[in-house]
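The values are calculated or read from the model by the stated rules, or taken from the named source; none is laboratory data. Model, not experiment: these values are computed from the prediction. Every residue, glycine as well, gets a Cβ built from its backbone with ideal geometry; the counts of neighbours run over all protein chains shown.
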Amino acid sequence: MGTSAPTQSEPLLVVILGPTGSGKSALAITLAQQFAGEVVSCDSVAIYREFEIGTAKPTGQQRALAPHHLLDVAEPGQPFTAGEYARQARAAIADIARRQRLPIVVGGTGLYLRALLEGFFPGPQRSEQLRERLRERAQERGPAYLHNLLEHLDPPAAAKIHPHDAPKIIRAVEVCLTARGRMSQLWEERGRDPLHGFRILRIGLNPQREALYARLNQRACQMFDNGLFDETAALLQRYGQRKSVTPLDSLGYKQATQFLRGELTREQALAATQQGHRNYAKRQMTWFRREPDVTWLAGFGDDPSVAREAAELVSSRITLRPGV
């Protein structure tokens, strides 16, 4: 699907990406203060209310420095897809630009960012009832059963999805059954819906690996010291074993839950959380390296020299607007 090139008259959209712990939020707030901007979070766990310590959300003090969007917008048990994120984020970005402010997207969830900027396949609405039945079939008979079913329903789609990638297989089968047609054919007919109407500046943070890992280790210690066990215990008491509360499976909360169940010692839970964050940072960088047109800055976002570089990039591309 062809897209027209952005023009200088279109508003600027700044995207700050990079691994967890790289200082993206700090840089976003600095740029928001300097360029009359507002921050749009791109984090698949920070969207949920009641999950605070383990998500490293911006503090109340930080949020007071610049308006923030797409934080605490979903209930813990509420399904929230990348497509839903893209819809809400696009609405927030359009509103920010309409008010002559600078939208700044910041976060590390690559799938959400791709949905926002490139669009997602506009398939049929999710059916949680159907998905749950498919999940049960996968648990009973293994992922190969669903992959074989997909090969029957949509051979081209099955050829592109790994037999063990249960989430993608379930979605593909769901689309075939609810749309009563092949997902691959629907994809050819509808395609993606990329974001239009903005000039996009992508800024990537790439701190030195050892320094990043040290910071992640320290941040995990602070989360545990600041009450992650208590917060997790309260969430477990409130929501029990409901599978729909997916944030409890995220880094930090998962290990805290294992500690509370007696499956891990405190030291083991901490070490597992630290290792998980390091692995996640590595996966994020692998993902973001595929992102097009990124200007990579060597260092953390809270480093004054990095903030100056980023500000120069924004300043060179921003269009002066009345009232700013």
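Do we find a residue being modelled with pLDDT under 95, more than 26 Å from G276 (Cβ to Cβ) and small (G, A, S) anywhere in the stretch 61-81?
The answer is no, given that none of the residues of the stretch 61-81 is modelled with pLDDT under 95, more than 26 Å from G276 (Cβ to Cβ) and small (G, A, S).
If I filter the stretch 53-61 for residues that are surrounded by fewer than 17 Cβ atoms within 10 Å (Cβ to Cβ), within 20 Å of P103 (Cβ to Cβ) and free of Cβ contacts under 8 Å to residues at least 60 places away in the same chain, do I get at least one hit?
No, the stretch 53-61 contains no residue that is surrounded by fewer than 17 Cβ atoms within 10 Å (Cβ to Cβ), within 20 Å of P103 (Cβ to Cβ) and free of Cβ contacts under 8 Å to residues at least 60 places away in the same chain.
Of (1) surrounded by 14 or more Cβ atoms within 10 Å (Cβ to Cβ); (2) without any contact (Cβ under 8 Å) to a residue 12 or more places away in the chain, L236 satisfies all except one. Which?
Result: L236 passes all but (2).
With the structure loaded, tell me whether P194 is at pLDDT 85 or above and within 28 Å of D293 (Cα to Cα) or whether it fails that test.
yes
Could you grab me the full set of residues in the stretch 147-175 that are among the charged types (D, E, K, R) and modelled with pLDDT of 85 or more?
Across the stretch 147-175, the qualifying residues are E151, D154, E174.
What are the pairs, 6+ residues apart or on separate chains, where a residue within the stretch 258-277 that is in the same structural domain as I53 (by TED's automatic domain parsing) has its Cβ under 6 Å from a residue that is among the basic types (K, R)?
The qualifying pairs do not exist here.
Out of all the residues in the stretch 66-91, which are part of a loop (DSSP other than H, G, I, E, B) and either surrounded by 18 or more Cβ atoms within 10 Å (Cβ to Cβ) or of a type outside the set (S, T, N, Q) (or both)?
A66, P67, L70, L71, D72, V73, E75, P76, G77, P79, F80
Can you tell me which of (1) part of a loop (DSSP other than H, G, I, E, B); (2) assigned by TED's automatic domain parsing to the domain that holds E309 is the one Q218 doesn't meet?
If we test Q218 against (1) part of a loop (DSSP other than H, G, I, E, B); (2) assigned by TED's automatic domain parsing to the domain that holds E309, just (1) comes out false.
Take L313 and tell me if it is in contact with an Asp or Glu (Cβ under 9 Å, 6 or more places away or on another chain), modelled with pLDDT of 95 or more and assigned by TED's automatic domain parsing to the domain that holds T109.
no
Of everything in the stretch 39-88, what is touching a helix residue (DSSP H, G or I) at 6+ places or on another chain (Cβ under 8 Å) and acidic (D, E)? Give them in sequence order.
D43, E50, E52
So which residues in the stretch 247-264 are of a type outside the set (A, V, I, L, M), over 13 Å from E50 (Cβ atoms) and part of a helix (DSSP H, G or I), if there are any at all?
D249, K254, Q255, T257, Q258, F259
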